[in-house]
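Working notes for the structure below.
The values are calculated or read from the model by the stated rules, or taken from the named source; none is laboratory data. Keep in mind that what you see is a predicted model, and the values were worked out from it rather than measured. Cβ: placed from backbone, ideal geometry, glycine included. Neighbour counts: every protein chain shown.
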Amino acid sequence: MLVDESVDDLAKEFAVETIEKFFNLRLKLAPLKINLKIAYDRYRRQYNAENLLNVVASGIIDGLFMVMLHRDIFVPGLNYVFGVALPFVGCVISTWRLKSPDQNLYHARVSKTIKHELGHVFGLLHCNRRCVMVFANSLLELDLKFDDFCDKCKRYLLGMNILRKFSDTIVQ
Ligand SMILES: [Zn+2]
Ligand SMILES: [Zn+2]
């Protein structure tokens, strides 16, 4: 996980906790060492998350990556996004719009965003069940959606050996 200096400690803690609790992945933490200006759109005053994704991807030789930053990000066609992913390459997650004085809410938002983008990284598409893979276009939609994968998505990730097998997430 490549963490930009703009990310607060709480979000970093939530992210690590979510990944270690839910995913069967080996997590390496490192500072994000790219010049963010290359992805900055001065007219939108936002960062182009696709550019960011491509720049980081071109420098990663081994394994998958997750970039975490506290900047307003967008992809062409959308006003903003919480995150963006390239299947089997990596993802970018922004805490910019997730912040809340309510620590539980902040935790849930970071956790849902991470599960959603990692789901994409491992090949999941958007889902229309009661599932964290439901597309969220606003904070309201993010807050309303389920904080876990549905059985179908869970089965897919378990098949890839990506999910940790909790007693309460066993799928038949
Ligand atoms: Zn998505
Ligand atoms: Zn699903």
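Checking the condition away from ligand 1 (no atom under 16 Å from the Cβ), modelled with pLDDT of 95 or more and surrounded by 18 or more Cβ atoms within 10 Å (Cβ to Cβ), which residue from T95, T113 passes?
On the way: T113 fails: away from ligand 1 (no atom under 16 Å from the Cβ).
Step by step, each of T95, T113 is checked, and only T95 is away from ligand 1 (no atom under 16 Å from the Cβ), modelled with pLDDT of 95 or more and surrounded by 18 or more Cβ atoms within 10 Å (Cβ to Cβ).
Considering only the stretch 116-123, I want to know if a residue exists there that is closer than 22 Å to F23 by Cβ, within 16 Å of ligand 2 (Cβ to nearest atom), assigned to a helix (DSSP H, G or I) and in contact (Cβ under 8 Å) with a residue 60 or more places away in the chain.
Our first condition is that a residue be closer than 22 Å to F23 by Cβ; within the stretch 116-123, this holds for 116-123.
Still in the running and within 16 Å of ligand 2 (Cβ to nearest atom): 116-123.
With the extra rule that they be assigned to a helix (DSSP H, G or I), the set shrinks to 116-121.
Add one more test, that the residue is in contact (Cβ under 8 Å) with a residue 60 or more places away in the chain, and what stays is 118.
Looking through the stretch 116-123, at least one residue is closer than 22 Å to F23 by Cβ, within 16 Å of ligand 2 (Cβ to nearest atom), assigned to a helix (DSSP H, G or I) and in contact (Cβ under 8 Å) with a residue 60 or more places away in the chain.
Out of (1) away from ligand 1 (no atom under 12 Å from the Cβ); (2) surrounded by 21 or more Cβ atoms within 10 Å (Cβ to Cβ), the odd one out for V84 is which?
Every condition holds for V84 apart from (1).
Limited to the stretch 138-148, what total is found for residues that are within 12 Å of ligand 1 (Cβ to nearest atom) and either among the hydrophobic types (A, V, I, L, M, F, W, C) or in contact (Cβ under 8 Å) with a residue 40 or more places away in the chain (or both)? Spell out how you get there, then give the answer.
We begin by selecting, within the stretch 138-148, every residue within 12 Å of ligand 1 (Cβ to nearest atom); these are 141-142, 145.
In the following step, the residues that additionally are either among the hydrophobic types (A, V, I, L, M, F, W, C) or in contact (Cβ under 8 Å) with a residue 40 or more places away in the chain (or both) were identified as 142.
Count: 1.
Looking at the stretch 99-110 only, could you name the residues that are in contact with a Phe, Trp or Tyr (Cβ under 8 Å, 6 or more places away or on another chain), surrounded by fewer than 23 Cβ atoms within 10 Å (Cβ to Cβ) and touching a residue at least 60 places away in the same chain (Cβ under 8 Å)?
Correct list: Y106, H107.
Going by what's in this entry, would L105 be described as at pLDDT below 95, out of contact with any Leu (no Cβ under 8 Å at 6 or more places or on another chain) and in a helix (DSSP H, G or I)? Step through it out loud before you land on a result.
Details: at pLDDT below 95: no; out of contact with any Leu (no Cβ under 8 Å at 6 or more places or on another chain): yes; in a helix (DSSP H, G or I): yes.
For L105, the condition - at pLDDT below 95, out of contact with any Leu (no Cβ under 8 Å at 6 or more places or on another chain) and in a helix (DSSP H, G or I) - is not met.
Tally the residues that are within 13 Å of the chain's Cα centre (by Cα), charged (D, E, K, R) and away from ligand 2 (no atom under 16 Å from the Cβ), restricting the search to the stretch 98-115.
1
For the stretch 151-160, does any single residue satisfy the condition of being at pLDDT 95 or above, under 13 Å from the mean Cα position of the chain (by Cα) and closer than 26 Å to K12 by Cβ?
No.
Within the stretch 128-147, is even one residue assigned to a helix (DSSP H, G or I) and near ligand 2 (Cβ under 10 Å from one of its atoms)? Don't jump to the end; show me each part of the working.
Initially, the stretch 128-147 is screened for residues assigned to a helix (DSSP H, G or I), giving 139-144.
Checking which are near ligand 2 (Cβ under 10 Å from one of its atoms) leaves us with none.
Checking the stretch 128-147: not a single residue is assigned to a helix (DSSP H, G or I) and near ligand 2 (Cβ under 10 Å from one of its atoms).
In the stretch 149-164, which residue that is surrounded by 12 or more Cβ atoms within 10 Å (Cβ to Cβ) and free of Cβ contacts under 8 Å to residues at least 24 places away in the same chain is nearest to ligand 1 (Cβ to nearest atom)?
C150
Considering every residue within the stretch 118-137, establish whether at least one is hydrophobic (A, V, I, L, M, F, W, C) and away from ligand 1 (no atom under 14 Å from the Cβ). Give the steps one after another, and end with the answer.
Filtering the stretch 118-137 for residues hydrophobic (A, V, I, L, M, F, W, C) gives 118, 121-122, 124-125, 127, 131-136.
Checking which are away from ligand 1 (no atom under 14 Å from the Cβ) leaves us with none.
No, because not a single residue in the stretch 118-137 is hydrophobic (A, V, I, L, M, F, W, C) and away from ligand 1 (no atom under 14 Å from the Cβ).
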